[in-house]
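Heads up, the thing below is written out as structure tokens.
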Amino acid sequence: MKNDNALFFTCSLIEYIGRQQKQKRSIVVKYLGKDNIKRIYEYADVFHCEPIEKVADDFICGCKIPVDSFDNIEKCRYEVPDYWTIGEVYERLIEDVSENSECSIIEWIVEVYSSWIDDVISNYNTDFYYQSREYISECYKEGKICA
């Protein structure tokens, strides 16, 4: 399941919506719900043909995702990673932790975004999101930042 383009698009869209609406990504996932996440994942090749701004706006309006005050972009003191970069971090993590699992990829998306690691990846003032996929995956599995 490595290099799952549909998962990459889904995670990047979640990141984009979070930035637009100033919401934690875990909250975006709650507003979207499993059915919409499944729809995004299953039709990612179609949604990818549209500008991400339009796709995001359709889901923001359809799921009534409000603007809040979580602004990790404004708080960032360094170069801000783009939403595709962060989408790839989540994609790789979800791929790694879901290997050999009987749970659906949609369940893993919800699980990972709802976990403690969402706050860590969203803190762009650290170098955590730049770490290797193996390190990030190991941290997730351990439930903490590994030494």
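Brief remarks on what is shown
- Odd one out for residue 36, checked against (1) open to solvent by 10 Å² or more (accessible area, probe 1.4 Å); (2) closer than 26 Å to residue 133 by Cβ: (2)
- Scanning segment 6-29 for residues that are in contact with a Ser or Thr (Cβ under 8 Å, 6 or more places away or on another chain) and of a type outside the set (Gly, Ala, Ser) gives 22, 24, 25, 29.
- Considering (1) part of a loop (DSSP other than H, G, I, E, B); (2) over 14 Å from the mean Cα position of the chain (by Cα); (3) of a type outside the set (A, V, I, L, M); (4) buried (at least 18 other Cβ atoms within 10 Å of the Cβ), the lone condition that residue 137 does not fulfil carries the number (1).
- Within segment 85-125, being open to solvent by 20 Å² or more (accessible area, probe 1.4 Å), among the hydroxyl-bearing types (Ser, Thr, Tyr) and part of a helix (DSSP H, G or I) holds for one residue alone: 85.
- Residue among 134, 138 that is at pLDDT 95 or above and in contact with a Cys (Cβ under 8 Å, 6 or more places away or on another chain): 138
- Residue 146 being assigned to a loop (DSSP other than H, G, I, E, B), of a type outside the set (Val, Ile, Thr), in contact with a helix residue (DSSP H, G or I) (Cβ under 6 Å, 6 or more places away or on another chain) and surrounded by fewer than 18 Cβ atoms within 10 Å (Cβ to Cβ): yes
- The numbered conditions (1) at pLDDT 95 or above; (2) over 16 Å from the mean Cα position of the chain (by Cα); (3) open to solvent by less than 40 Å² (accessible area, probe 1.4 Å) are all true for residue 65 except (2).
- Segment 68-84, subset open to solvent by 60 Å² or more (accessible area, probe 1.4 Å) and within 17 Å of residue 11 (Cβ to Cβ), residue farthest from the chain's Cα centre (by Cα): 82
The values are calculated or read from the model by the stated rules, or taken from the named source; none is laboratory data. Computed from a predicted structure; not experimentally measured. Cβ sites come from the backbone with ideal geometry, for glycine too, and all protein chains shown count toward neighbours. Surface accessibility is based on the protein's heavy atoms, side chains included, excluding ligands, DNA and RNA. Shrake-Rupley method; radii C 1.70, N 1.55, O 1.52, S 1.80 Å.
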